[in-house]
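A short worksheet on the structure shown next.
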């Protein structure tokens with residue numbers, strides 16, 4: 001009994017003092033599958049309580065979340081520093097690294113974004129319509145939360161705060177799954193938010209964050225159609241593809257925008273110039289930026305030289321059809337691939353068309369049904385363009401950059417949906433709800 | 001050369017006369033994949049034209065479709081006879097065979113159903129809202145068709161006619177995929193409908209029918225997310241499961257209904273009896289029929305004996321909790337499995353509960369969020385039940401059987417959606433549309 005037990009021996013015979021933790025058999029680590037199941041069950045359990053939480057408590061929680069982000073700014077930036085180091089070592093990117101970066105100003109912007117959501121009306125409980133049936137029963141439709149929403153996103157950490165706040169205000173539990181490149185930042189933000197929310201009376205689990213970055217975890221999440229009601233992917237093409245192919249849960253995509261502006265024969269050319277420059281240059285990396293310009297042949301000579309010069313002066317590379325290059329010899333010739341391409345950069349495809357029909361055919365063929373604009377002063381053609389062009393937003397005499405929740409007056413948005421069901425275009429608080437029928441009867445039966 | 005060629009020899013050396021057809025090299029039969037791709041591309045091409053077809057032409061086409069069904073009644077019944085023979089040989093079913101059967105009356109009902117849809121307002125083009133932004137731009141939301149809708153269904157051939165008519169009126173191309181048991185009937189109905197529609201000016205391909213019954217074809221269809229915008233499955237559990245697991249296209253499910261009626265302590269017991277009998281007996285095979293009855297313990301003794309007797313007299317088998325069996329000894333004891341079961345038959349699970357909280361917990365646990373009703377005269381509890389119970393329709397003092405498009409005044413319905421996005425509950429013409437934003441600008445740009 002006096003001989004010391006070998007180091008690897010943990011039998012009772014050991015004389016070494018045993019820490020209390022060591023007496024509890026260590027739980028085997030959760031598999032990714034178990035991890036996801038626990039997460040979604042907890043989320044579902046929170047959904048019922050969250051759905052009937054009062055606006056007052058939700059708004060108090062949102063305010064506490066905003067304050068929490070500002071109070072913990074240093075911790076958030078320290079976590080962000082880890083992501084930035086890893087990112088720069090791995091990829092050496094600069095534009096991407098900039099999107100990833102948290103600064104005191106950006107943290108304040110995130111907090112202010114949440115405070116904006118406090119000011120928006122709560123969509124839950126709104127009675128959309130009520131009518132009486134011949135048998136005397138009153139039938140109504142009332143807005144209710146969708147339930148549990150999984151948000152799968154990439155890079156910018158502010159998406160964590162935006163999504164959590166929009167889901168909370170609309171009474172939805174969110175399961176946030178950010179990209180591995182921002183895992184430290186997102187984890188830190190999510191934990192500040194969910195702590196602040198719980199303290200303010202939001203049920204635990206209502207802001208859930210997936211802190212494992214394994215691909216297997218995301219795939220397992222996409223199969224949980226019993227517990228999760230909706231998946232919103234926000235990111236690049238490969239993310240969209242995986243989510244579409246793997247999800248058993250309904251998906252509302254925020255997919256790419258290949259947006260056109262068609263300058264008609266009867267356009268006010270000065271207005272057309274202002275709009276086109278804005279649509280291309282104001283923020284070229286966004287989905288509602290113009291990627292291709294279609295110009296009616298009648299005004300091509302009057303319009304193209306100036307706009308090409310102005311865009312080139314703003315740093316835009318012009319890739320034109322044969323006629324464009326003839327009129328504006330500084331333009332590079334476009335290839336077939338340049339039409340229907342989402343450049344997300346200072347590049348613009350330009351094509352001269354015979355008439356509006358050719359413009360609409362081009363849009364139908366190469367567009368992505370995101371945002372399409374006509375510049376014209378012709379009454380009939382403007383209305384026909386509005387009616388016949390298929391896109392989440394169709395515009396007369398306005399910049400495609402205006403297809404946006406704030407610009408449309410919907411308040412904050414979770415993104416611009418390119419899916420044709422449930423919500424199309426900017427998706428605000430109302431689009432994060434569904435409805436239920438309510439019936440006030442007095443003994444009615446089915447005859 | 002004079003020796004006759006062997007029977008299997010089709011070489012040029014044969015002296016047998018060659019038919020003109022044999023000279024044309026036979027096209028290899030399309031693979032199922034090619035077949036589906038051709039179908040969906042044609043459907044997508046029709047969608048653009050159909051979306052802007054006038055109400056007048058759509059209504060004329062619908063009327064011609066209804067007339068066509070009646071004119072071809074004999075052909076339809078001959079096709080139906082083939083299905084019935086195959087079905088009876090294979091399965092010897094009777095109830096199922098009855099659902100499959102076409103009679104002159106049922107054909108007239110199908111035609112009249114289409115004529116009802118003619119009378120409903122066209123949802124396409126409706127301006128839902130329009131508002132002005134501070135920069136002077138007018139922003140509006142307009143109803144547009146969803147696009148291409150795949151409907152995958154089983155047994156009753158009238159679904160072919162209903163679905164085609166609802167999709168046409170709402171400007172959607174439909175791809176109909178019925179069950180193999182009704183393939184002859186459905187093919188005959190679909191070909192009458194699409195011929196009549198085309199003659200009236202509907203673009204070819206707008207009513208597409210999948211005339212191959214291979215499972216592979218359905219699976220290939222579910223992957224066509226580039227061409228098909230929505231899948232609506234109408235059928236049993238195994239169909240729902242396959243569609244959910246395999247589809248890359250958004251799915252709106254018309255899934256099972258496990259509907260409860262809770263008879264509160266303050267219920268008018270005579271009203272409760274009438275409603276419960278109606279909810280269970282009027283048509284037990286439907287998704288909105290009551291499957292379980294919850295009774296407040298305070299009124300259990302006053303209510304249960306009579307209702308049990310009345311339901312039993314109507315042929316209903318009662319499966320009760322211990323208290324129910326104590327009060328009504330004729331009831332059979334319920335097992336745990338009887339709660340949360342969709343019987344779709346004259347069977348009813350009954351449970352005595354302590355209070356409304358227990359009733360609501362039971363509903364949350366065992367219900368399917370389809371239709372839930374409370375019978376009470378208590379103001380506070382009635383409103384709390386409406387607010388807190390999560391279902392496509394929540395009712396006070398009315399039969400669950402009333403959760404129906406016609407009963408709610410929505411006109412015809414394509415079914416009752418159990419999906420929480422886009423449309424929840426009865427899905428009429430409006431729910432077969434989405435919206436687009438339209439912008440009337442005067443030179444606005446993004447600042």
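When DSSP beta bridges are restricted to pairs lying wholly in the stretch A:103-261, around 25% turn out antiparallel.
When the square roots of the Cα gyration tensor eigenvalues are ordered a ≥ b ≥ c, the ratio a/c for chain A is 1.5 or more and a/b does not exceed b/c, which makes its shape oblate.
When the helix-only estimate is applied to chain A (DSSP H runs of n ≥ 4, each -39,500 (n - 2.57), divided by the residue count), what is the mean residue ellipticity at 222 nm, nearest 500 deg cm²/dmol? Don't skip to the answer; put the middle values down first.
On the way: 16 runs with 189 residues, N = 447.
The per-residue figure over chain A is -13000 deg cm²/dmol.
Averaging the Cα positions of each part gives two centres, and for the stretch B:161-226 and the stretch B:275-296 these lie 34 Å apart.
Of the DSSP beta bridges with both residues in the stretch A:295-447, give the percent that are antiparallel, rounding to the nearest 5.
Values: 2 of 14 bridges.
In the stretch A:295-447, DSSP labels about 15 percent of beta bridges as antiparallel.
For chain B, the longest principal axis of the Cα atoms and the long axis of helix B:32-51 meet at an angle of about 70 degrees.
Listing A:304, B:193, B:168 from fewest to most neighbouring C-beta atoms within 10 Å gives A:304, B:168, B:193.
Counting Cβ atoms of other protein chains within 10 Å of each residue's Cβ and taking the mean over peptide A:389-396 gives 6. Considering only chain A, the C-beta nearest to the rotation axis that sends A to B is found at A:422, 2, the distance in whole Å. Entry note, the stretch A:32-246: relative contact order of 31 percent, from Cα contacts under 8 Å with a spacing of 6+ residues.
Short-range pairs are left out: with C-alpha atoms under 8 Å and at least six residues apart, the relative contact order of chain A is 17 percent. For the stretch A:121-190, the relative contact order comes to 30 percent (Cα pairs under 8 Å, sequence separation of at least 6).
Using Cβ contacts closer than 10 Å as the measure, can you line up B:62, B:120 from fewest to most?
Details: B:62 27, B:120 18.
The most exposed by this proxy come first: B:120, B:62.
Springs join every pair of Cα atoms under 10 Å in this Gaussian network model of chain B, and among B:255, B:122, B:74 the largest mean-square fluctuation is at B:74.
With both bridge residues required to lie in the protein assembly as shown, what share of the DSSP beta bridges run antiparallel, to the nearest 5%? Can you show the working numbers first?
Details: 30 of 118 bridges.
Among the beta bridges of the protein assembly as shown, antiparallel pairing accounts for roughly 25 percent.
Residues A:419, A:160 in ascending order of nearby Cβ atoms (within 10 Å, fewest first): A:419, A:160. Projecting 7 Å from Cα along the Cα-to-Cβ direction, the label point of residue A:103 sits 7.9 nm from its equivalents in the other copies, listed shortest first.
Just so you know, all these numbers are worked out from the coordinates, no wet-lab data involved. Treat the numbers as computed from the prediction; the structure is a model and nothing was measured. Using ideal geometry, Cβ is built from the backbone for each residue, glycine included, and neighbour counts are taken over all protein chains shown.
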